[in-house]
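Below you'll find the structure, written out as C-alpha cells, and then a few comments.
The values are calculated or read from the model by the stated rules, or taken from the named source; none is laboratory data. Please read all numbers here as calculations on a predicted model, not as lab measurements. Cβ coordinates were reconstructed from backbone atoms using ideal geometry, including for glycine residues, and neighbour counts include every protein chain displayed.
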Amino acid sequence: MRAVLLLAVLIVATTMQPAAADGYYREDLRIPITATEPAGLEAMLVRPSGSGRYPLALITHGAPRDRTARATMSPYGMYRQAIEFARRGFAALVVMRRGYGVSGGRYAESNGPCSDRDYLRSARASAEDLGAAIRAMQGRSDVSTSGMIAAGSSAGGFASIALAATAPPGLVAAISFAGGRGSRGDDDVCDEAALVRAFATLGRTSRIPMLWIYAENDKFFGPDLARRLHAAFTGGGGRAQLIDAPAFGDDGHTLFSRGIPLWTPMVDRFLREQNLGTRELAAAPLPADLSPPPRLGEKGRSAFTDYLSASPHKAFAVSPTGTFGYRGGQRSAAAAHDAALAACAKFADDCAVYAAGEELVGKERAGAR
C-alpha cells in the first residue's frame, strides 16, 4: 500500500509547465523506485502539446569521467535531444539514474577495479532504473509504453542496450550513441576484454532491433573497439545496425549532444525501417527574438545565437569589454544565473547577466543598452 501511495504522490505532485516554445508540453517529475525512497529518480518529460497518448522515448545520459560532476547533471542537459524525439511524435522522458543529478539513492553503477571489471553489474543497475521509469509511465493518459523506444549516449547507450536485453513489454527499438562504459581517458578503457564479454552476454537475451552510432574520432570508444563490441553482441544473437559516423568536432563522443543535424537523418532512416517513421515531423521550437549585447565580438555573437536555442534554464553573462559566458540545461533559473556568471568571471571581474531564459535582464530589458 505504501508503494502505491508513493507512486501516486510522486507522479501527481509534479511541476507542470508549458515548454519554452509553442507546440510542446514540458513536465518535471520524480520516478519512484524503492532504492531511492523518498526522493525518486529525477526526470523531465517533453511531448507534443496536443491531446492523446504518445509512445514513450526513454532517454538517458552518460557518465562523466570525473565522478564529482555527477551531482551537477540535470535532465535539461538533454533537452535538445528530447525535443527531437518529441518532434517525431514521441513523449520523450529524460531519466537521471541513481547517483546522478538529484536522483535519490546511492550510485549503483560501480564496476569494480579497473583491472578486473564486472560491467554487467552496472548494466543490471541501469536497466533497473529505466524499468522503473517505464512502469511509472504506464498509468499516464498522455503516454503509451506500447511501441516505445529507448535511446542513450555513452553509459546511457550501454544502459539502453542493457534494458533491451531484459525485453520489457512494449519496447520495439533502441538507439545507442557511442554506447560503452569504463573510459578513464582518451582511448583508454578499463579492461576492454571484460567490456566485450559483457556485450556478448547482453546479446544472448536481446532480440530488439537497435541502431548503434559511433563517430570515427570518438575518444571514449574508438571505431576498432566499437566494431569488437558489435561483433560480440551480434555474435551472441543481438540485433544491432552499426553506423561508423564521420569524425565530428574535436571528439566524436559529443555527437549526440552537439551534432543533432548529423544524427537525426540516421535515426529517421532507422525509425522508418522499423515502421516507426510515419509521424509527420513537427516544427522545431523557435528561438527567442533577442538582440545580442552590442559589445560582443564575432565569437560572442555566435555564442549568443547558440544561447537562443539552448535548453531551458539558461543565462548569458557579459562584461563591458565583451567577455562572455553562458550556460544552458541547468536545473533551475537560479543555477543558470550563477553558472553563467561563473563562466564569464573566469576571464573578467565585472560580468553581469544580460539575458535569462527568453528575456533580457534588468537595465537591458529597460532598453538602457
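Quick notes on this structure:
- For S183, the criteria (1) closer than 22 Å to D28 by Cβ; (2) touching a Ser or Thr at 6+ places or on another chain (Cβ under 9 Å) hold in every case but one, which is (1).
- Residue within segment 287-297 that is in a helix (DSSP H, G or I), closer than 30 Å to E359 by Cα, touching a Gly at 6+ places or on another chain (Cβ under 7 Å) and not small (G, A, S) present: no
- Options A284, A310, A355: the member that is crowded, with 17+ Cβ neighbours inside 10 Å, closer than 16 Å to R80 by Cα and among the small types (G, A, S): A310
- Hey, L130 in a helix (DSSP H, G or I), in contact (Cβ under 8 Å) with a residue 24 or more places away in the chain, over 17 Å from I59 (Cα atoms) and not aromatic (F, W, Y) or not: no
- Selection of segment 56-86 for residues being of a type in the set (S, T, Y) and touching a strand residue (DSSP E or B) at 6+ places or on another chain (Cβ under 6 Å) yields only T60.
- F347 vs. criteria in contact (Cβ under 8 Å) with a residue 24 or more places away in the chain, over 30 Å from G50 (Cβ atoms), buried (at least 16 other Cβ atoms within 10 Å of the Cβ) and touching a strand residue (DSSP E or B) at 6+ places or on another chain (Cβ under 8 Å): no
Per-residue answers, yes or no, for (1) touching a His at 6+ places or on another chain (Cβ under 6 Å); (2) in contact (Cβ under 8 Å) with a residue 12 or more places away in the chain; (3) crowded, with 23+ Cβ neighbours inside 10 Å; (4) closer than 20 Å to R124 by Cα:
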{"residue": "V46", "(1), (2), (3), (4)": "no, yes, yes, no"}
{"residue": "Y79", "(1), (2), (3), (4)": "no, yes, yes, no"}
{"residue": "A82", "(1), (2), (3), (4)": "no, yes, yes, no"}
{"residue": "F85", "(1), (2), (3), (4)": "no, yes, yes, no"}
{"residue": "F90", "(1), (2), (3), (4)": "no, yes, yes, no"}
{"residue": "V95", "(1), (2), (3), (4)": "no, yes, yes, yes"}
{"residue": "G99", "(1), (2), (3), (4)": "no, yes, no, yes"}
{"residue": "G104", "(1), (2), (3), (4)": "no, yes, no, yes"}
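- Test: residue in segment 314-323 that is more than 30 Å from R87 (Cα to Cα), among the aliphatic types (A, V, I, L, M) and modelled with pLDDT of 95 or more: yes
- Looking across L308, L341, L296, one residue alone is touching a helix residue (DSSP H, G or I) at 6+ places or on another chain (Cβ under 8 Å) and without any contact (Cβ under 8 Å) to a residue 40 or more places away in the chain. It is L296.
- Taking segment 142-260 as the region of interest, none of the strands (runs of 3 or more DSSP E) fully inside it holds 1 or more residues being more than 20 Å from A123 (Cα to Cα), at pLDDT below 95 and of a type in the set (S, T, Y).
- Inter-residue pairs, beta-carbon under 7 Å, first closer than 14 Å to S115 by Cα and in segment 175-203, second part of a strand (DSSP E or B) and among the charged types (D, E, K, R), 6+ apart: C190/R184
- As a summary of the residue check, S302 satisfies the conditions (1) in contact (Cβ under 8 Å) with a residue 60 or more places away in the chain; (2) surrounded by fewer than 19 Cβ atoms within 10 Å (Cβ to Cβ) except for the one numbered (1).
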